[in-house]
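S.K.: Below you will find the structure I want to go over with you.
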Amino acid sequence: MKVFTVFSPSKKERIVYCHEFNIIDGSHKKTKLFRIELEKNRSIFSGENKRETGFAMSPNGKYFVVSTDNIKKHSNSYTVHVYDSESLNLIYKVNYQENTDKFYEANDLSIDDNANVYALGKLYLEGRSQKKEGKANYDFVLNKISDSEVITQTINFSKEEHISSLIISNIKNQIRLLGFYSEERAGKIKGALIFNVDTANMQISQNKSFKLPEAVYKDLYNENKAKRKKNKGKELSSYYVDYVIDDNKGNTYLLAEEFFITTVYVSTGAGGGYMQTVYHYNNVLVLKLNAANELEWARSIFKRDQVPSYNAFIKNDELHVILNSGKNLTEKEDGRVKVSKGLFESSSLYDIVFSDSGEVSYNKIQDNKGNTFYMPYFGVYNGERFITISRSGGKKQFLILE
């Protein structure tokens, strides 16, 4: 098992290490990958508050890529470092999206069995605002990066519709882009879409799109409100694709979380106070597509949280969503289950299971009070096992679910 860490010797210096753990004999090896100097106290990875976009491994496990941000005050660019997974030797290093006129924001990363990197992101048309007069102020672009060249292709959908979010699906080196679109304005969601990518010629074609079914709304709202929203064509807001998971039958599961930021005023008494930023990681959309890219079912997890909290994987033809929530989940009168934690409530680790037909069950793994608190968001599923790490601070421990 490989664990990547970032060490900060100073405000401007970052060192990326790879820790290799042998689960069988318990041995550990630490290797320095690279060092970066930053402007001021910046991060080297984009999207840290929502989705980690800096790491990817090839389907055959032979290569992995680390992509870092080089964002400066008047320009930005990104760098990919491609390594051999066994030796940890650097295969190549390339800069891409070097631009002083337009801002580029990384969204997802993939690498194929030939060590070609695919970097997906938003290229802003003006400034760094997501919207301009309700319209999307960006184009999604796909970069194909090798040791010899960088090829960039713009992804077009429709002038009347906006691509809200996209993620890369790399199954046996077949690249697809999956995500959500809006008919109203940027940031909203009307339905899901799929693009196929001809990687040899870097040509992109739209395969299918479909609207969200009523079941999605019924998991989030009471029955009357769900019907009103569906019948009036009301769109959802602020959902970002987190996971695209394929099973051995050719089915694809798409998961997206509602994410937005607010600010609140915190009073310190005597007329004083300060503004505090609050991150919201709320409802999760779950969609199942069959091998023909047709929608079989869609559900939602009615959730509230203020930190990145969940992970997902397929085991025995069932979708598992692992997350921390309150000790006792709240069941509404209409049967909906709210996954959240009260202010003074202790937490528990849960396994939310979706059957092949979309039925859902909620299973408690452990009460966290008196036990080690684990962070599913930082976990990984491989070899029929889900492995995650304990919360920061003190000695690190690993949880293995089989």
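S.K.: Using the per-residue mean of other Cβ atoms lying within 10 Å as a proxy for protection, in what order, highest first, do the peptides 208-217, 115-124 fall?
M.R.: Numbers: 208-217: 17.1, 115-124: 21.7.
Result, highest mean first: 115-124, 208-217.
S.K.: Then there is this: Of the listed pairs Lys62/Lys315; Lys188/Lys230; Lys225/Lys303; Lys30/Lys172; Lys225/Lys338, which have alpha-carbon separations greater than 22 Å here?
M.R.: Lys62/Lys315; Lys30/Lys172
S.K.: At 1.4 Å probe size, with every protein chain present, just tell me what the per residue accessible area of the range 69-186 comes to in Å².
M.R.: Using a 1.4 Å probe on heavy atoms only, each residue of the range 69-186 averages 46 Å².
S.K.: Carbon-plus-sulfur fraction of the accessible area of the range 307-391, 1.4 Å probe, in percent?
M.R.: Carbon and sulfur: 47 percent of the exposed surface of the range 307-391.
S.K.: How far apart, in nm, are two points set 7 Å out from the Cα along the Cα-to-Cβ line at Ile261 and at Lys30?
M.R.: Output for this residue pair reads 3.2 nm.
S.K.: Cross-link partners among aspartates and glutamates for Lys131, C-alpha distance below 16 Å, same-chain residues fewer than 8 apart left out?
M.R.: Excluding near neighbours in sequence, the set is Glu105, Asp139, Glu160, Glu161, Glu183, Glu184.
S.K.: If you take every residue apart from Lys144 with its C-beta less than 13 Å away from the C-beta of Lys144, what net charge results, scoring Lys and Arg +1 and Asp and Glu -1?
M.R.: Residues near Lys144 contribute -4 overall.
S.K.: Quick one: net charge around Pro213, please, counting Lys, Arg +1 and Asp, Glu -1 for every other residue with C-beta under 13 Å from its C-beta.
M.R.: With Lys, Arg at +1 and Asp, Glu at -1, the net is +4.
S.K.: For Lys62, what charge total do you get from the other residues with a beta carbon under 9 Å from its beta carbon, if Lys and Arg give +1 and Asp and Glu give -1?
M.R.: Numbers: positive: none; negative: Asp84, Glu86, Asp113.
Local charge sum for Lys62: -3.
S.K.: Compute the Cα gyration tensor for the range 93-134, then decide on rounded, prolate or oblate, letting a ≥ b ≥ c be the square roots of its eigenvalues: rounded whenever a/c is under 1.5, prolate when a/b is larger than b/c in the other cases, and oblate in all that remain.
M.R.: It is oblate, given that a/c is not under 1.5 and a/b is not larger than b/c.
The values are calculated or read from the model by the stated rules, or taken from the named source; none is laboratory data. All of these numbers come straight from a predicted model, not from anything done at the bench. FYI the Cβ positions are ideal-geometry reconstructions off the backbone, even for glycines, and counts take in every protein chain you see. Accessible surface is based on the protein model in full, side chains and every heavy atom, while ligands, DNA and RNA are left aside. Shrake-Rupley method; radii C 1.70, N 1.55, O 1.52, S 1.80 Å.
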